[in-house]
1. So is V114 under 15 Å from V61 (Cβ atoms), open to solvent by 30 Å² or more (accessible area, probe 1.4 Å) and not in a helix (DSSP H, G or I) or not?
2. When region 19-75 is examined, which residues are found to be assigned to a strand (DSSP E or B) and either among the polar types (S, T, N, Q) or within 29 Å of N143 (Cα to Cα) (or both)?
3. Of all residues in region 98-143, count the ones that are of a type in the set (S, T, N, Q) and under 19 Å from Y159 (Cα atoms).
4. Does F148 fit the bill of being in a helix (DSSP H, G or I), more than 18 Å from the chain's Cα centre (by Cα) and surrounded by 18 or more Cβ atoms within 10 Å (Cβ to Cβ)?
5. So which residues in region 13-43 are farther than 21 Å from G117 by Cα, open to solvent by less than 40 Å² (accessible area, probe 1.4 Å) and not β-branched (V, I, T), if there are any at all?
6. Take the residues in region 162-177 that are β-branched (V, I, T) and either assigned to a helix (DSSP H, G or I) or within 16 Å of K142 (Cβ to Cβ) (or both), then tell me which one is farthest from the chain's Cα centre (by Cα).
7. Which residues, counting only those in region 74-102, are farther than 16 Å from E22 by Cβ, open to solvent by less than 80 Å² (accessible area, probe 1.4 Å) and either more than 17 Å from the chain's Cα centre (by Cα) or in contact (Cβ under 8 Å) with a residue 24 or more places away in the chain (or both)?
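The values are calculated or read from the model by the stated rules, or taken from the named source; none is laboratory data. Since the structure is predicted, the reported quantities are computational estimates derived from the model, not experimental observations. Neighbour counts run over all protein chains shown; Cβ positions are idealised from the backbone, glycine included. Note: areas computed on protein heavy atoms with side chains; ligands, DNA, RNA excluded. Shrake-Rupley method; radii C 1.70, N 1.55, O 1.52, S 1.80 Å.
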Amino acid sequence: MKLGLKRDEVMLVPYTDEWEKEFQRVKKEIQENVNLDETRIEHIGSTSIVNMDAKPILDIVVGLDDITNFDNTIIIGLQKVGFLRLKVERPNEIVFAKFVDDTYEEKTHYIHLVDFGNELWNNLIFFRDYLNSNESAREEYKNLKADFIRNKQGGIKEYTDNKEKFVNEIYGKRKNV
């Protein structure tokens with residue numbers, strides 16, 4: 001299993017259960033260096049969905065009590081396991097990444113710091129669980145991503161924009177459960 005994508009690169013690789021093993025390894029490292037309960041560290045994104053083709057980057061969500069006011073030891077602990085805070089500006093989220101080497105050109109992992117139990121946290125977990133339990137939705141998502149790649153419609157922003165409607169529709173299902 002090889003993880004990593006360069007800036008603005010979009011590529012899908014076939015699902016491997018090595019992604020879950022890597023998540024468990026990184027989760028353990030995070031727990032050893034950051035004082036967080038294991039229920040606040042979750043594997044999300046396409047690499048957490050069984051049989052889903054995915055970009056070879058592992059996404060992890062970490063839930064804090066308040067991302068606007070947290071102890072600096074969390075940043076120090078994440079740095080100890082190789083994660084650096086990115087300058088990405090997203091509402092209700094702080095993003096960290098791990099890189100292949102110190103050129104910082106190829107990312108292998110993302111950590112999304114969010115407020116534990118808030119809407120974003122719940123949506124991310126629901127999306128993963130819904131696609132893992134719903135084969136037709138999983139296939140629809142897999143085909144949507146494959147069509148984008150096949151038609152070479154742009155970079156990472158266009159790829160994300162292309163998936164947005166589908167993702168939001170799944171988020172909307174959470175409110176009906």
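1. no
2. I41, E42, H43, I44, A54, L58, D59, I60, V61, V62
3. Final tally of qualifying residues: 2.
4. yes
5. W19, E22
6. Among those that are β-branched (V, I, T) and either assigned to a helix (DSSP H, G or I) or within 16 Å of K142 (Cβ to Cβ) (or both), it is I170.
7. Residues satisfying the conditions are I74, I75, I76, G77, L78, E93, I94, D101.
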